[in-house]
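Structure record follows, encoded as structure tokens.
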Amino acid sequence: MQFTKLRIPKGTQDYYFDYLEKRSYIENKMRKNFELWGYKEIRTPTFEYFESLATGTGLELQESMFRFKDKGGRQLALRAEMTSPIARVVATELRSHPLPMRMYYLAPMFRYEEPQSGRQREFWHAGIELFGSSLPDADAEVLAVFITTLDDIGLKGVSVELGHVGLFKSIVEEAGLSLDEAAAIRRSIDKKDDASLETALKEVDVSSAMKDVFRLLPKLRGDISVTKKILDNVDNENVEICIKNISDTVKLLELYKLDSRVMVDLGIVRGIDYYTGAVFEGFVKDLGTALGGGGRYDNLVGEFTGESIPATGFAIGVDRCHLALEKQGFKFPLKNSPQILILYIDQELKGEAVKIAVNLRKLGLSTEIDILERKLTKGLEHANKRGIPYVVIVGKTEFEQGEVVVRNMEKEMQEKVKIEKLKNYFQK
Ligand code: AMP
């Protein structure tokens, strides 16, 4: 028995009608904000060579990729995120484009993960990448685009947690460990899991003062003053640089009046390997998981061709934003189309009915015409079922007077309207 014929793979979804209209509303708002900030659209292939997609991403993401071979035996994969492909374009085709360079994308991503609410195997990312500046001004801009985009789609109470991956790396170095030796510590801090952190700390040969610093990291959440606590406990130049970078970014966000939306979290140690600097994630209370995240990745372009360009960006999960908006009871402005159904009583009037439909569409009114030669009652029943608000009935007697009947389905009222006055009727 062929069950798969009627099914779609786990973690995928069919999108249609009102759901898709809501989705388009979100996407259009996002696109509009990205363009307002001067970002231009970029699209890369849905599948590429695995080696290229894997660049800079780390094992966790690579293992989640859908991989396959082409007929020539080359290893391909579906993209799981868009930052590496864009860095490849920057490293090759856009090598001599003037900097800074701002770009955005809206595209489906694919990850072989265990599906659950807000986690699918095909999902959409809306993101931006900003190339060419290592200043915190770029990090602040990217954060400001992130917050204003989530605000613009209608989400309430968006907040951002900001950290710095260099901080953890510097502390690991100061403790005399390699990043591999500190992998278990990193995982525990990421999950804010005290018990597993203690186990991981027992496994490493580090001074008790440095162990206390690792214990402190996941607790350092709050306003910018938490950065002072880390400086009181570690004397390391790189740590100071990271902290200054976070402080400068938050100060710049004051210029956008968005600093109050950012909470510093020094325990953020994001999963994807290519991050090198400030990193962040965005949340709303109504959704337990992140809406999106991003950060600085100054070495990724260099991993393609050797010559680096500083860069920062983010990816927002469009599906999760949709979920969060529904949870917040957001009223999407649906277009309610079609607005008009045209029925004609007499076959001879088909040509006239088509003409009226063409003219109504020219006015921007979404208009359907009966294509089943339905009788009047059947046609009205159909309009009712579909929730079409107006029916224009082209009947012989009225047509001879230059008129049609317009029925308001909700009010269950109808009136005769001169054909040349239909424009005025619908525009009021
Ligand atoms: P990441 O590239 O993992 O930082 O993802 C950025 C955002 O994409 C996350 O915050 C989520 O909103 C969204 N996202 C990531 N993975 C999935 C998934 N499997 N299903 C749905 N959304 C996802």
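The values are calculated or read from the model by the stated rules, or taken from the named source; none is laboratory data. Computed from a predicted model, the values in this text were never measured in an experiment. Positions of Cβ are generated from backbone atoms using ideal geometry, with glycine treated the same way; all protein chains shown enter the neighbour counts.
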TODO: Kindly indicate the residue of segment 289-320 that is under 10 Å from the mean Cα position of the chain (by Cα) and over 19 Å from V262 (Cβ atoms) and also nearest to the ligand (Cβ to nearest atom) among those meeting that condition.
DONE: G317
- [ ] Kindly provide the set of residues from segment 295-325 that are free of Cβ contacts under 8 Å to residues at least 60 places away in the same chain and more than 21 Å from F50 (Cα to Cα), ordered by number.
- [x] S308
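Of all residues in segment 67-82, count the ones that are away from the ligand (no atom under 16 Å from the Cβ) and assigned to a loop (DSSP other than H, G, I, E, B).
5
This table checks each residue for (1) modelled with pLDDT under 95; (2) farther than 23 Å from T276 by Cβ; (3) touching a Ser or Thr at 6+ places or on another chain (Cβ under 9 Å).
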site	(1), (2), (3)
G38	no, yes, no
R43	no, yes, no
G73	no, yes, no
E122	no, yes, yes
P136	no, no, yes
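Any chance segment 321-330 includes a residue that's more than 16 Å from the ligand (Cβ to nearest atom) and not aliphatic (A, V, I, L, M)?
There is at least one residue in segment 321-330 that is more than 16 Å from the ligand (Cβ to nearest atom) and not aliphatic (A, V, I, L, M).
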Task: Inter-residue pairs, beta-carbon under 7 Å, first surrounded by 12 or more Cβ atoms within 10 Å (Cβ to Cβ) and in segment 192-209, second β-branched (V, I, T) and in a helix (DSSP H, G or I), 6+ apart - done: L197/I185; L197/I189; A200/I185; L201/I185
Task: Residues being touching a residue at least 40 places away in the same chain (Cβ under 8 Å) and surrounded by 14 or more Cβ atoms within 10 Å (Cβ to Cβ) - total across segment 381-422 - done: 14
- [ ] Looking only at segment 117-136, decide whether some residue is within 16 Å of the ligand (Cβ to nearest atom), surrounded by fewer than 16 Cβ atoms within 10 Å (Cβ to Cβ) and not aliphatic (A, V, I, L, M).
- [x] yes
Open item on the list: Among the residues of segment 239-273, what is the count of those that are of a type in the set (F, W, Y) and part of a helix (DSSP H, G or I)?
Closed with: 0
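Please verify whether S188 is within 21 Å of L36 (Cα to Cα), more than 14 Å from the ligand (Cβ to nearest atom) and hydroxyl-bearing (S, T, Y), treating the condition exactly as stated. Explain how you work it out, then say what you get.
Working: within 21 Å of L36 (Cα to Cα): no; more than 14 Å from the ligand (Cβ to nearest atom): yes; hydroxyl-bearing (S, T, Y): yes.
So S188 does not fit the description; no.
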Open item on the list: Take V392 and tell me if it is more than 30 Å from R31 (Cβ to Cβ) and either part of a strand (DSSP E or B) or within 16 Å of the ligand (Cβ to nearest atom) (or both).
Closed with: yes
- [ ] State yes or no: is R88 surrounded by 13 or more Cβ atoms within 10 Å (Cβ to Cβ), of a type outside the set (S, T, N, Q) and in contact with a Leu (Cβ under 9 Å, 6 or more places away or on another chain)?
- [x] yes
Open item on the list: Would you confirm, using the coordinates I've provided, whether T276 is closer than 15 Å to D139 by Cα, within 16 Å of the ligand (Cβ to nearest atom), assigned by TED's automatic domain parsing to the domain that holds E81 and crowded, with 19+ Cβ neighbours inside 10 Å?
Closed with: yes
Task: Lone unmet requirement of (1) over 21 Å from the mean Cα position of the chain (by Cα); (2) within 16 Å of the ligand (Cβ to nearest atom); (3) within 23 Å of I309 (Cα to Cα) for D265 - done: (3)
